[in-house]
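I have placed the structure first, in the form of structure tokens, so that the comments after it can refer back to it.
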């Protein structure tokens, strides 16, 4: 059996300064999560400047966010589960089983994505109407989606293999390979949108080609003899025990992303009722900036996971506390940066999307309101993930769902009765505030139980 020496990683988890170690793990994860947001931002900016596109085209792309998130969630489901199983097998020095995970993760990603693509094609019109398309945004959304769907096979397989690459000891290489796809999209999108004048179709095709290029360089790594774990065709044969273990681990982050997508449906519905297409288009633009900072926070929490998890298991509560304190301060800082950009410089942030004056004004207002409590989101996300790290998955789940469903959804149906469109915008920071308050209360109560504060 081939061997894999992870003793250096163990020594780092035990002895390296937490602030330094968090960034070592977090930066590759941040790049991986932000890349998904950047694809959407790049497409939105170029579409905003495209001939015969503009505001409604941006809105059409924004309407598709739940679908995009759902398909990205399939990649996250497979990637999170596969990377965890790979780490375990490498820790056991079982390279053969790790390579079976690689093959089965590719198979699982392709099968799940194909099933999803076929289902969306069959019901494409009802789905677009259900997620909030208006007569103005529907044709743009449908055109983009028809051409965009097939390329998602590249996205989900790429996400899965990239996660395995990080887990097998190549975090920096995984980061660079994710950036290759973004760079390709920056170059290809203007060619298809402006030079070939293919509009929404061109944006979708450029995105697909970019994802294919990114997958190509990742596959080259796994076909190389230098990789600790390699892709072998024989490992595409389904091993249902491995497949179930991947799904079992990856379902939690997948479900969280799906929950967020469902909430977007409610938001679009309320915006359509109280503000029409312009409000939905404003939300699309404002949400682009917010998602960048949210993705950075997701990467930060992924960076703290192995440090807190290992040291909590080793009963080294001093290092757990140090890592937690640094993560909370960093999460607050990232949230504050998002607030400063959104609240103080809304027009500067909105202008790259080339909105009409009316849309620019509405998007700036939405951005200012929605980013008020972004610093609290940083605290809430770190606390929720902390409970995941120490094995209290139910508490983590409750805290995460409190913002999405327990508070935000009811607020979307109550506040607009009094504040109209502003009530929809204000529902978002209100849910951030109340969910963070709940998280802090449970946090201090639980930390005394596990004797971290004592």
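Looking only at the stretch 187-228, residues that are closer than 13 Å to residue 35 by Cβ and either touching a strand residue (DSSP E or B) at 6+ places or on another chain (Cβ under 9 Å) or surrounded by fewer than 16 Cβ atoms within 10 Å (Cβ to Cβ) (or both) come to 0 in all. Against the numbered list (1) surrounded by fewer than 20 Cβ atoms within 10 Å (Cβ to Cβ); (2) more than 29 Å from residue 251 (Cα to Cα); (3) modelled with pLDDT of 80 or more, residue 1 comes up short only at (3).
Out of 346, 352, one residue alone is under 28 Å from residue 58 (Cβ atoms), surrounded by fewer than 21 Cβ atoms within 10 Å (Cβ to Cβ) and either without any contact (Cβ under 8 Å) to a residue 40 or more places away in the chain or under 24 Å from the mean Cα position of the chain (by Cα) (or both). It is 352.
Based on this model, can you work out whether residue 325 counts as surrounded by fewer than 21 Cβ atoms within 10 Å (Cβ to Cβ), part of a helix (DSSP H, G or I) and out of contact with any strand residue (DSSP E or B) (no Cβ under 6 Å at 6 or more places or on another chain)? Yes, satisfied.
The residues on offer are 157, 110, and the sole one that is part of a helix (DSSP H, G or I), modelled with pLDDT of 90 or more and buried (at least 20 other Cβ atoms within 10 Å of the Cβ) is 157. Considering only the stretch 411-433, I want to know if a residue exists there that is more than 25 Å from residue 368 (Cβ to Cβ), surrounded by 14 or more Cβ atoms within 10 Å (Cβ to Cβ) and out of contact with any strand residue (DSSP E or B) (no Cβ under 9 Å at 6 or more places or on another chain). No - not one qualifying residue is present in the stretch 411-433.
Would you confirm, using the coordinates I've provided, whether residue 254 is at pLDDT below 90, in contact with a helix residue (DSSP H, G or I) (Cβ under 8 Å, 6 or more places away or on another chain) and crowded, with 21+ Cβ neighbours inside 10 Å? Give the derivation first.
Values: at pLDDT below 90: yes; in contact with a helix residue (DSSP H, G or I) (Cβ under 8 Å, 6 or more places away or on another chain): yes; crowded, with 21+ Cβ neighbours inside 10 Å: yes.
Considered against the rule, which asks whether it is at pLDDT below 90, in contact with a helix residue (DSSP H, G or I) (Cβ under 8 Å, 6 or more places away or on another chain) and crowded, with 21+ Cβ neighbours inside 10 Å, residue 254 comes out as yes.
So, residue 231, is that one assigned to a loop (DSSP other than H, G, I, E, B) and crowded, with 19+ Cβ neighbours inside 10 Å or not? Give the derivation first.
Working: assigned to a loop (DSSP other than H, G, I, E, B): yes; crowded, with 19+ Cβ neighbours inside 10 Å: yes.
The answer is yes for residue 231.
The values are calculated or read from the model by the stated rules, or taken from the named source; none is laboratory data. In this text, all values refer to a predicted model and were calculated from it rather than measured experimentally. Glycine gets a Cβ as well: all are built from the backbone with ideal geometry, and neighbour counts include every protein chain shown.
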